[in-house]
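Peer 1: Right, I'll just put the structure down here and ask away after.
Bear in mind that the values in this text are calculations on the coordinates, not laboratory data. Model, not experiment: these values are computed from the prediction. Ideal geometry is used to build each Cβ from the backbone, glycine not excepted, and the neighbour counts take in all protein chains shown.
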Number of protein chains: 2
Amino acid sequence: MQTVKRPIDSSIMAQDTVLETPCPTLDVPPVTPGKPQVVIIGGGFGGLYAAQQLGRADVEVTLIDKRNFHLFQPLLYQVAMGGLSPGDIASPLRGVLSAQKNTRVLMGEVTDIDPEQQVVKLKDNRTIAYDNLIVATGMSHFYFGRDDWADVAPGLKTVEDALEMRRRIFAAFEKAENTSDPELKQSLLTFVIVGGGPTGVELAGSLAELAYHTLRNDFRDIDTTASRILLVEGMDRVLPPFPPELSARAQADLEKMGVQVMTKSLVTNIEGHEITLKQGDELTTLRAGTVLWAAGVRDPGMGGILADRTGAERDRSGRVMVSDDLSLPTHPNIFVVGDLAHFAHQENRPLPGVAPVAMQEGKYVARLIQKRLKGEATAPFEYKDTGSLAVIGRHAAVVNLPWAKLTGFPAWFVWLFVHIFYLIEFDNKLLVMTQWGANYFTRKQGSRLITEKVIEKVEVGAASSS
Amino acid sequence: MQTVKRPIDSSIMAQDTVLETPCPTLDVPPVTPGKPQVVIIGGGFGGLYAAQQLGRADVEVTLIDKRNFHLFQPLLYQVAMGGLSPGDIASPLRGVLSAQKNTRVLMGEVTDIDPEQQVVKLKDNRTIAYDNLIVATGMSHFYFGRDDWADVAPGLKTVEDALEMRRRIFAAFEKAENTSDPELKQSLLTFVIVGGGPTGVELAGSLAELAYHTLRNDFRDIDTTASRILLVEGMDRVLPPFPPELSARAQADLEKMGVQVMTKSLVTNIEGHEITLKQGDELTTLRAGTVLWAAGVRDPGMGGILADRTGAERDRSGRVMVSDDLSLPTHPNIFVVGDLAHFAHQENRPLPGVAPVAMQEGKYVARLIQKRLKGEATAPFEYKDTGSLAVIGRHAAVVNLPWAKLTGFPAWFVWLFVHIFYLIEFDNKLLVMTQWGANYFTRKQGSRLITEKVIEKVEVGAASSS
């Protein structure tokens, strides 16, 4: 039995403050000095695919992420609706990359980049040197300058976001069941989804499924099929990036499911649970127990750091303008991939912030780095449009392929197949398929737990009182 | 479009405070007046099995729970270890009971009972009248008067507890990887589990599996197989309720897996991350990054309310002493089932706080109420010992059946079969089996996400600033 003689210093070991140990700037040395160091910030689709592509390259790879898992974002709305558990759509980064001997994972938060010294700085004062840097930190949601709306209208980017949405949705039904005030009851059964892009459409469709089918026999005092679900979109149609005929079909499918679709409508105010909408010149105020935010993106910070340190230009949303090889014009050894990159594709519009773009960009940069090291010639990045898809409900989706447009059940089937296929790269495919199969036939949603509210962000290395 | 003309009153709709609407005491009327009202408090094994047994009885059933789901407690340790997701072992109470037309579920927190008026009072001022009351609120863990240890040594009763354990365990490995201080590294790789009952043994065994196998290739700077896992038990053997030879085998199995078992040892102090143990006269202090608490039970409050209102006697831990038909001696229409009941079984020791006891008690009381209503004769409760089991690791368990004692792989197989069988009553059996099958063969744990810390309890109907 080891007996510790040192005086007790509880602060040094306090939960969540371990890395706050007063320490000077500390270098994380390379495992194999002399090998070209590739540092990747962010373990989403862009960063992870870059890391995997470099798995057999003669480089050392360091993947840095604040979280210890990769998240399959396209299915996050299912977690919000209680159809899947977070564990079903997340894979531990260390597990995914454990077989890659040239790769290490660092859990930590990047706070700065020094392009002169070629080092990345972490919140806990550690520094990591790079020869090539891949920034893949993504975008967060944006309230168009009204950050005070965040409390009432949660967005959907993280696992915690999804669990918060889930908590609110199911708590709204419980509260409606519990109250005897009919007006309050109706307000609690009113759900507004802001933003008619793929996420908004998916949330609206699955919420309709939930209220009008899954829960219809579960309550005694309320009729969940009397719920009102409103999808608000500023443009003249839902799914603006899709061809107009697919948008029209998506809207028709949603309306058939019971969703009220309001296009050309903007949210002008949210106060308490009163939400004010503007459609043309008409202002409407309604009370909604639950408001879900699926509109707007902005750079959560890394784009700004890159711009400050390298002089890189950014677009209005904060995306970093990249050269045709996804590097910064001023720093050919710094690359930006995924949602944070603005690759001037056509008409100066960035590529959409979807998984296939990030995957292709991540792989491209990984190959480019290898070619450069071998002295081979490189070609500019070219996005290969593999199509886009959005799911609406149990049998309905829209799929826009370069060679075909699909709607209804065939589209839904393609959507399912594509998602299962990509999830296959992680280890949860069988489970998620089983879960979906079960949910599909029983219309049950097994994961509709109301768990406790998360109000404090705690990350390893982050300051926090314990 | 409905336009709300009422002045904006954000407080009335503020998230989580909806039920705080200033309202007078409010009765929840029976759905079918005139029918005998059975009110059940708590949706664990005791309460849920009672409700299900009453599904076709000519009574009206109201099941009240703070949470909206039933939790399959025996597998909660798997959630703590990242082997399962909360959704895998939880079933929404409304979903489980939706087909029972005579049953309603109320999400709310009981704050008082009035046995004179025969009403139950909820935190939000609502009252529910009962003819028969079944109290099945269970027990919580107990720090032997040292509640200040709770921050350092989380227990395992709720989903949030399990996620907090998971967060700490995986964060400890991440922090160990991140620090360059060898002493701190070793402390972070030291895990102490307090309590050698079934939960403690299960935690120790699965933690050994995690550290010595699952994670062994995932880190670059630490060797997870150098982790130290210490199981501390005050009695002279682990699994005290089991026959001595099974305890010995369990200890041997744990030691073979790498767990250091300390019996006849008490925790005398926890300060910061220094934990002091007393074995005989010898005091030992060691630094452990993670301390898990699996010792001690106490009444979380409902036992005290019952005692105050009815004069019911309680045992040292706060369990309510019940008659041989599980009712209160003074109030034959109030029953206590599950962990909270002290049914004087033999030598005045209560029945163990395990699922089979709660299930049998819940069913017994449900049948008793029906018999009484029909004027039939009733017999005292008799516990039918179906055996007890504890799992140790991937191939090891101990099973104590009335007619046989099993160890090793056969015991593990029985354990698996029994758990799957009972989980079958809920709808997750196939999933959990798939997950386990996958985990078993790959040794992977897909759900080892470090999610954010939960620091505030929010319940529907609970006061909370929004």
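Peer 1: Which of rounded, prolate or oblate describes the range B:318-362 when judged by the alpha-carbon gyration tensor and an a/c cut-off of 1.5?
Peer 2: oblate
Peer 1: Once Lys and Arg get +1 and Asp and Glu get -1 on their Cβ, which of B:A226, B:L246, B:I305 lies farthest toward the positive end of the dipole of the range B:220-324?
Peer 2: Result: B:I305, furthest along the dipole toward the positive end.
Peer 1: Hey, another quick one. Where does the charge balance sit around B:V261 when Lys and Arg score +1, Asp and Glu -1, over other residues with C-beta under 15 Å from its C-beta?
Peer 2: 0
Peer 1: Give, as ranges by residue number, the residues of the range B:249-268 whose backbone N falls under 17 Å from the point 7 Å along Cα→Cβ of B:E282.
Peer 2: Those under the cut-off are B:260-268.
Peer 1: Also: Which number comes out as Rg/Rh for the range A:147-296 once both Rg and the Kirkwood Rh are worked out on C-alpha atoms?
Peer 2: Rg/Rh: 0.95.
Peer 1: Could I ask something else about it? Please list, ordered by chain and number, the residues whose modelled amide H lies under 5 Å from the amide H of B:L106; skip anything fewer than 5 residues away on the same chain.
Peer 2: B:L63, B:I64, B:D65
Peer 1: In addition: Could you give each residue of the range A:202-208 its phi-based ³J(HN,Hα) in whole Hz, using Karplus coefficients 6.51, -1.76, 1.60 with θ = phi - 60°, and x for Gly or Pro?
Peer 2: Values, residue by residue: 5, 5, 5, x, 6, 5, 4 Hz.
Peer 1: Further question on the same structure: Each residue of the range A:284-291 in turn: what ³J(HN,Hα) in whole Hz from Karplus with 6.51, -1.76, 1.60 and θ = phi - 60°, glycine and Pro shown as x?
Peer 2: Per residue, the Karplus-derived 3J(HN,Hα) values read 10, 10, 9, 9, 10, x, 9, 10 Hz.
Peer 1: Then there's this: Cβ under 9 Å from A:G289's Cβ, A:G289 left aside: what net charge do those residues give with Lys, Arg +1 and Asp, Glu -1?
Peer 2: +3
Peer 1: For the range A:334-341, in order, what is each residue's ³J(HN,Hα) by Karplus, 6.51 cos²θ - 1.76 cosθ + 1.60 with θ = phi - 60°, in whole Hz (x at glycine and Pro)?
Peer 2: 10, 10, 10, 10, x, 4, 6, 8
Peer 1: What nm value, rounded to one decimal, do you get for the distance between A:K256 and A:D112 when each label is placed 7 Å out toward the C-beta?
Peer 2: Simple spin-label model gives 5.8 nm for this pair.
Peer 1: Going by the rotation axis that takes chain B to chain A, pick out the residue of B with the closest C-beta and quote the gap in whole Å.
Peer 2: Closest to the rotation axis on chain B: B:S85, 2.
Peer 1: Related question: Sequence-distant or interchain residues sharing an amide H contact under 5 Å with B:D181, placed H: which?
Peer 2: Amide H to amide H, under 5 Å and 5 or more residues apart or across chains, B:D181 pairs with nothing.
Peer 1: Measure off 7 Å from each Cα along the Cα-to-Cβ vector at A:D131 and B:R216, then give the distance between these two points in nanometres to one decimal.
Peer 2: Label at A:D131, label at B:R216, 3.3 nm between them.
Peer 1: Just how far, in whole angstrom, is the range A:120-192 from the range B:301-355 if you go by their alpha carbon centroids?
Peer 2: The distance from the Cα centre of the range B:301-355 to that of the range A:120-192 comes to 44 Å.
Peer 1: If I stretch the segment between B:T268 and B:R56 completely, what's the gain in nm (0.36 nm per residue apart, minus their alpha carbon distance), one decimal?
Peer 2: 71.1 nm
Peer 1: Measuring from a point 7 Å out along Cα→Cβ, what nm distances, shortest first, does B:T310 have to its partners in the other copies?
Peer 2: 7.1
Peer 1: Here's a follow-up. What does the charge count near A:D58 come to, summing +1 for each Lys or Arg and -1 for each Asp or Glu among other residues with Cβ under 10 Å from its Cβ?
Peer 2: Net local charge, A:D58 excluded: +2.
Peer 1: Placing the label point 7 Å from Cα along the Cα-to-Cβ direction, what are the distances from A:E271 to the equivalent spots in the other copies, shortest first, in nm to one decimal?
Peer 2: 5.5
Peer 1: A follow-up question, please. Sequence-distant or interchain residues sharing an amide H contact under 5 Å with A:N269, placed H: which?
Peer 2: A:T276
Peer 1: If we hang a label 7 Å off Cα along the beta carbon direction at A:P410, how far is it from the matching labels on the other copies, in nm, shortest first?
Peer 2: With the label placed 7 Å along Cα→Cβ, A:P410 yields 5.9 nm.
Peer 1: If you don't mind, there's one more thing I want to ask. Is the shape of the range B:35-112 best called rounded, prolate or oblate, per the rule: a/c under 1.5 gives rounded, else a/b larger than b/c gives prolate, else oblate, with a ≥ b ≥ c the square roots of the Cα gyration tensor eigenvalues?
Peer 2: Taking the square roots of the gyration eigenvalues as a ≥ b ≥ c, the range B:35-112 is prolate.
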